[in-house]
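Novice: Here it is: the structure, laid out below.
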Amino acid sequence: MAGKRYGQAKNVILMVPDGMSVEAYSFARWLSPKKTLAMDEILRGMVRTHNSNVPMADSAPAATAMATGYKSQATYIASYPSQIGMVGTEDYEKAMATRPLATVLEGARESGRATGLVSLARVNHATPAAFGAHSLDREDLDPLMDQLVHQNIDLVLGAGACHLSPEAREDGQDLLGELRARGYAYLRTREDLMVSREERIWGIFAQEDMNHHLDRGPEEPSLRDMTQKALEVLSKNDRGFFLLVEGSEIDWAAHANDPVGLATDILAFDEAVALALDFAKGHEDTLLIVAPDHGTGGFSMGNWETSLTYTQAPLEGYIQLIAGAKKTARGAGRDLNSYRTNVEEVMERYFSIRDLREEEKLLIQKTRDPQTGIGQVLSKRSGLAWTSYGHTGGDVALFSYSSCPDLPPLGGLVFNQEIGSYMAYALGLDLDQTRERLYPLACPLFKEAGVRLTPIKREKGPGLLRLDRAGREVYLPLNKDYFIRGGRRYYFSGLSLAQGGELYLAREAIDLILAQLGQAAYKRAI
């Protein structure tokens with residue numbers, strides 16, 4: 001970090017265009033009105049995205065690397081890997097395997113800064129979850145949402161209402177009621193968001209996930225809308241803020257080989273980047289980093305049919321059909337009837353295709369997901385190609401800007417975990433120390449103090465532990481920031497986590513619990 005001053009940044013904004021490969025980024029630029037993007041101005045280098053154990057990244061460990069400064073593995077969320085072997089894991093500590101890792105969001109919160117998460121996906125999806133929650137399984141969506149609710153994040157915007165209501169959750173918890181009890185404004189529409197003057201906000205705009213930008217209705221805010229509100233709210237904190245913004249559905253369009261969703265969501269993401277860049281330029285001591293977590297789909301401009309004609313093929317042939325689309329392939333696919341007999345009508349209505357060939361019609365009708373079939377038709381007609389429905393292993397572009405006098409923007413060829421380390425350094429955070437405060441092993445300390453831990457089985461509600469000693473007892477619900485004694489909640493910073501067969505609990509919480517269980521136990525543990 002030579003030439004950089006520790007703790008120089010007041011504000012850090014990390015923006016993740018999920019799944020955006022270099023080729024996809026380049027293609028989207030051709031569809032922009034000025035043939036240039038806001039991201040172009042701050043292009044600085046490349047990111048090596050591989051997991052700790054394999055070359056192909058998954059969103060959960062890739063986001064974990066950026067959130068914690070450590071590479072990890074699928075399907076871990078903000079947790080230390082148990083498998084290694086790839087370059088960048090030379091300092092692996094076996095004793096740390098599966099342990100929760102402190103995130104830059106948690107460190108920023110502990111420093112007194114405001115914190116925020118913005119996503120088009122469910123906010124407990126892999127990328128946002130890796131900054132505010134911990135698990136060994138990214139599919140533990142209900143527990144991950146439980147953790148996010150109890151992390152005291154100032155602003156959360158995105159989707160996933162189905163994980164907040166007691167009717168939809170297996171454990172029957174009313175997390176929406178919990179949010180309101182904690183003083184959050186709960187917003188449901190774009191209008192709610194635009195007029196809100198609250199400083200503690202959860203805005204959840206869809207039951208599961210939000211729409212692609214092109215398919216958005218008037219009730220849904222855009223990524224730019226949400227970024228604007230986040231900057232407005234978080235910048236009120238005099239100590240600064242950390243903000244994550246995810247362009248979630250770039251990845252989903254690429255998974256479905258949908259060129260319309262891919263390009264239009266990248267352009268919408270770039271609008272949010274332009275807003276964040278203007279903010280950074282106007283506020284001293286602000287660091288902006290834009291970095292995809294991985295590429296998806298193996299997209300290319302050019303396919304087998306253009307192999308002999310690419311030197312004569314005009315730009316319009318590649319972009320005209322995509323630029324004129326009125327919906328994404330996913331949006332159009334939703335308008336197909338149950339037997340998909342109205343394919344010609346849908347393709348003409350949304351893509352102005354009036355000469356649909358029989359083999360194209362059959363492809364759309366017989367592909368399991370009509371979005372994929374429509375995407376393939378649009379791609380082939382436009383001279384575009386895909387190699388995969390999954391992630392790809394290539395490096396991705398790195399974009400960075402710094403208004404900090406002694407903190408140059410991050411650049412060159414970097415590992416994804418270096419982004420996390422750089423942000424922590426810029427904010428003056430020691431995430432290893434934060435981890436030791438928030439998530440030490442709790443059982444050895446309780447055992448030393450003579451405290452017995454007993455799991456309580458219940459049909460409904462969160463996982464629960466009873467801790468007792470000398471006739472006194474407290475109850476510790478998992479994934480929360482409090483314990484209970486005598487019907488009263490006692491709050492602490494951090495979360496109660498059961499992970500990898502161990503209990504992790506903040507030192508503050510351990511001390512408070514031992515104090516409630518008797519002064520002798522408290523003194524002996526200290």
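Novice: Once fully extended, how much extra length lies between residue 98 and residue 195, figured as 0.36 nm per residue of separation less the alpha-carbon to alpha-carbon distance?
Specialist: Length difference between fully extended and current span is 30.6 nm.
Novice: What FRET efficiency comes out for the pair residue 357/residue 32, r = Cβ-Cβ distance, R0 = 22 Å, nearest 0.05?
Specialist: Efficiency computed from Cβ-Cβ geometry: 0.10.
Novice: Counting only heavy atoms of the protein chains, get the accessible area per residue of the chain (1.4 Å probe) and round it to a whole Å² value.
Specialist: 40 Å²
Novice: Still on this structure, I have one more. Taking the Cα centre of the chain as the origin, how large is its charge dipole in debye, to the nearest 20, when only Lys and Arg (+1) and Asp and Glu (-1) carry charge on their Cβ atoms?
Specialist: With only Lys, Arg, Asp and Glu charged at Cβ, the dipole is about 1300 debye.
Novice: Say each of residue 437 and residue 387 gets a label point 7 Å from the Cα, pointing the same way as Cα to Cβ; how far apart are those two points in nm?
Specialist: 4.5 nm
Novice: Taking the highest mean first, how do the peptides 361-373, 113-125 order by number of other beta carbon atoms within 10 angstrom per residue?
Specialist: Per-residue Cβ counts within 10 Å, averaged per peptide and sorted highest first, yield 113-125, 361-373.
Novice: Here is the link list: 236/480; 229/460; 94/460; 447/480. Which ones come out longer than 29 Å on Cα distance?
Specialist: From the list (236/480; 229/460; 94/460; 447/480), the Cα-Cα distance tops 29 Å for 229/460; 94/460.
Novice: Provide the gained length on full extension for the span residue 468 to residue 491, in nm with one decimal, where the gain is 0.36 nm per separating residue minus the Cα-Cα distance.
Specialist: Length gained between residue 468 and residue 491: 6.4 nm.
Novice: On to the next question. Helix 416-427 sits at what angle to the longest principal axis of the chain, using alpha carbons and giving 0 to 90 degrees rounded to 10?
Specialist: So the inclination is approximately 60 degrees.
Novice: Still on this structure: Just want to confirm a number: the relative contact order over the chain, from Cα pairs under 8 angstrom separated by 6+ residues, in percent.
Specialist: Relative contact order for the chain comes out at 23 percent.
Novice: I would also like to ask the following. Using +1 at the C-beta of Lys and Arg and -1 at the C-beta of Asp and Glu, which of 263, 370, 299 has the Cα lying farthest in the positive direction of the dipole of the stretch 236-370?
Specialist: 370
Novice: Something else now. Roughly speaking, what is the stretch gain from residue 508 to residue 406, that is 0.36 nm per residue apart minus the C-alpha to C-alpha distance, in nm to one decimal?
Specialist: 33.2 nm
Novice: Sticking with this one: Going by alpha carbons, how many degrees (0 to 90, nearest 10) lie between the helix axis of 223-234 and the longest principal axis of the chain?
Specialist: Taking the Cα atoms of the chain, the angle to 223-234 is about 30 degrees.
Novice: When only the heavy atoms of the protein chains count and the probe is 1.4 Å, how do 72, 493 rank by accessible area, highest first?
Specialist: Order by accessible area, largest first: 493, 72.
Novice: Considering only 408, 421, 438, whose Cα is most displaced toward the positive end of the charge dipole of the stretch 365-487, charges sitting on Cβ of Lys, Arg (+1) and Asp, Glu (-1)?
Specialist: Positive-end residue among those listed: 438.
Novice: In the stretch 197-323, what percent of the accessible surface is made up of carbon and sulfur (1.4 Å probe, ligands and nucleic acids excluded)?
Specialist: For the stretch 197-323, the apolar C and S fraction of the accessible surface comes to 48 percent.
Novice: In addition: What percent does the relative contact order of the stretch 3-96 come to when contacts are Cα pairs within less than 8 Å and at least six residues apart?
Specialist: Value for the stretch 3-96: 18 percent.
Novice: ³J(HN,Hα) across the stretch 168-179 via Karplus (A = 6.51, B = -1.76, C = 1.60, θ = phi - 60°), whole Hz, x for Gly/Pro?
Specialist: So the Karplus estimates, Gly and Pro as x, are 8, 8, 5, 8, x, 6, 9, 6, 5, x, 5, 4 Hz.
Novice: Moving on. Read through the labelled values [x] 39; [y] 47; [z] 52 and report the label of the one computed as percent of Cα pairs over 34 Å apart from the structure.
Specialist: So the structure-derived entry is [x].
Novice: Suppose R0 equals 35 Å. What FRET efficiency, 1/(1 + (r/R0)^6) with r the Cβ-Cβ distance, do residue 304 and residue 56 give to the nearest 0.05?
Specialist: Approximately 0.90, to the nearest 0.05.
Novice: Compute the distance in nm between two label points, each set 7 Å from the Cα along the Cα-to-Cβ direction, one at residue 238 and one at residue 281.
Specialist: With each label placed 7 Å out from Cα toward Cβ, I get 3.0 nm.
Novice: If you don't mind, another one. So, R0 is 60 Å and r is the distance between the beta-carbons of residue 326 and residue 171; what FRET efficiency does that work out to, to 0.05?
Specialist: Calculated value: 0.90.
Novice: Can you give the angle from 0 to 90° between the axis of helix 259-282 and the longest principal axis of the chain, with both taken from C-alpha atoms, to the nearest 10?
Specialist: Taking the Cα atoms of the chain, the angle to 259-282 is about 60 degrees.
Novice: Right, another one. From largest accessible area down, sort 334, 435; use a 1.4 Å probe on the protein chains.
Specialist: These residues rank, largest area first, as 334, 435.
The values are calculated or read from the model by the stated rules, or taken from the named source; none is laboratory data. Computed from a prediction, not measured in an experiment: that's the story for all the values here. A quick note on method: Cβ atoms are made from the backbone with ideal geometry, for glycine too, and the neighbour counts reach across all protein chains shown. Side chains are part of the model used for accessible areas, which takes the heavy atoms of the whole protein and leaves out ligands, DNA and RNA. Shrake-Rupley method; radii C 1.70, N 1.55, O 1.52, S 1.80 Å.
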